Amino acid sequence: MRLVIKIGTSTLAHSSGRLNIRLVEELCKVISDLKNAGNEVIIVSSGAIGMGVSRLCLPSRPEDMPTKQAAAAVGQCELMYTYDKLFSEYNHTVAQILITGDDVKDKDRYAHFKNTIFRLLELGALPVINENDTVSTEEIAVGDNDTLAAIVSKSIRADLLVLLSDIDGLYSADPRKDKNAKLIPEVTAIDEDIIKIAGGSSTSLGTGGMATKIKAASICMENGIDMIIANGATPEVLYAVCEGKCVGTKFIGKR
Ligand code: GLU
């Protein structure tokens, strides 16, 4: 199975912004095991800005572009250092790919991007992709990593995209506010109701929320790729996902 796993800032870091060591260690162990079992895995990882914020001791996520880009420059190093260190323990080699919206819009650059990923997969490496936040501005950015992960999944014809988040999946209402909210196990079409339910929720350190996840789902579904939103708090959930068990919310790709 060719699997794209998107890891959100809220999964990687504590609310303080500092690395959630136990969780990231567990996640790298499970992903290594999935690769050992013969799956091809591509990671789309957020966390650069969040980690830079904590490393630079900034009071909160910056609003201005230079500070955001500075935080990303610092945080991306910590992110890759962490992945490199942990995946090396299990004999896996990581490869950093940083892209912007322009790289997927330009035909030639897009082709190079795809060729590089395919070659990395042939070589057995583990691509870790993020937006190139240090140079991307609003006009040229993909903007959020849920969408980026969907674009990546489409370009490499993934079998499945898993968005690991701090929530179990898509609920009928915001479960943080409504105790009657119910998890929706399967979505076969993105209609008005789903868009309304998704609203505009987001976390303080990342940029995504349900709305960007639904946008990612529509890109995947349109291209015949299944997508799952699952809670990254228990990385073992990825085993269940690969075994085809019912986890989180599954969006069924067009057949
Ligand atoms: N590229 C951003 C980062 O690494 C995250 C964007 C997102 O989470 O959607 O901080």
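The values are calculated or read from the model by the stated rules, or taken from the named source; none is laboratory data. Model, not experiment: these values are computed from the prediction. Every residue, glycine among them, receives a Cβ derived from its backbone with ideal geometry; neighbour counts consider all protein chains shown. The protein model used for the area step is the full one, side chains on, heavy atoms only, and it has no ligands, DNA or RNA in it. Shrake-Rupley method; radii C 1.70, N 1.55, O 1.52, S 1.80 Å.
Relative to the globular-protein estimate of 2.2 N^0.38 Å, the Cα radius of gyration of region 1-81 stands at 1.20. Taking all protein chains together and rolling a 1.4 Å probe, VAL74 ends up with roughly 50 Å² accessible. ASP103 sits among other residues whose Cβ lies under 15 Å from its own Cβ, and their net charge, with Lys and Arg +1 and Asp and Glu -1, is -1. Determine, at each q value in 0.09 (inverse angstroms), the log₁₀ of I(q)/I(0) that the Debye formula gives when each Cα of the chain is one equal point scatterer. After summing over all Cα pairs, the log10 values are -0.36. Residue pairs exceeding 20 angstrom between C-alpha atoms, taken from LYS29/LYS85; LYS6/LYS35; LYS177/LYS250; LYS29/LYS154; LYS114/LYS154; LYS107/LYS213: LYS177/LYS250; LYS29/LYS154; LYS107/LYS213.
Annotation: peptides 93-101, 52-60, ranked by per-residue average of other Cβ atoms within 10 Å with the highest first, follow the order 93-101, 52-60. Over all distinct Cα-Cα pairs of region 1-140, the Kirkwood formula returns a hydrodynamic radius of 15.7 Å. Taking 0.36 nm per residue of separation and subtracting the current Cα-Cα distance, fully stretching the chain between THR67 and ALA125 would add 17.7 nm. If you add up the charges near GLY209, with Lys and Arg at +1 and Asp and Glu at -1, over every other residue whose beta carbon is less than 10 angstrom from its beta carbon, what do you get? Residues near GLY209 contribute -1 overall.
Cα extents for region 98-145 along the principal axes, largest to smallest and rounded to whole angstrom: 34, 21, 14. When the solvent-accessible area of region 1-156 is split by element, carbon and sulfur atoms take up 49 percent of it, the probe being 1.4 Å.
With Cβ to Cβ distances under 15 Å as the rule, what net charge do the other residues near TYR81 carry (K, R +1; D, E -1)? Don't skip to the end; give the middle numbers.
Working: positive: ARG18, ARG55, LYS85; negative: GLU25, GLU78, ASP84, GLU89.
Around TYR81, the surrounding residues sum to -1.
The fraction of Cα-Cα pairs per 10 angstrom bin, counted from 0 for region 128-255, comes to 13, 44, 35, 8, 0 percent, rounded to whole percents.
Kirkwood hydrodynamic radius for region 56-122: how many Å is it when counted over pairs of different Cα atoms? Intermediate values should be presented prior to the final figure.
Values: mean 1/r = 0.0693 Å⁻¹.
After inverting the pairwise mean of 1/r, the radius is 14.4 Å.
Counting only heavy atoms of the protein chains, get the accessible area per residue of the chain (1.4 Å probe) and round it to a whole Å² value.
Values: 12070 Å² over 255 residues.
That works out to 47 Å² per residue.
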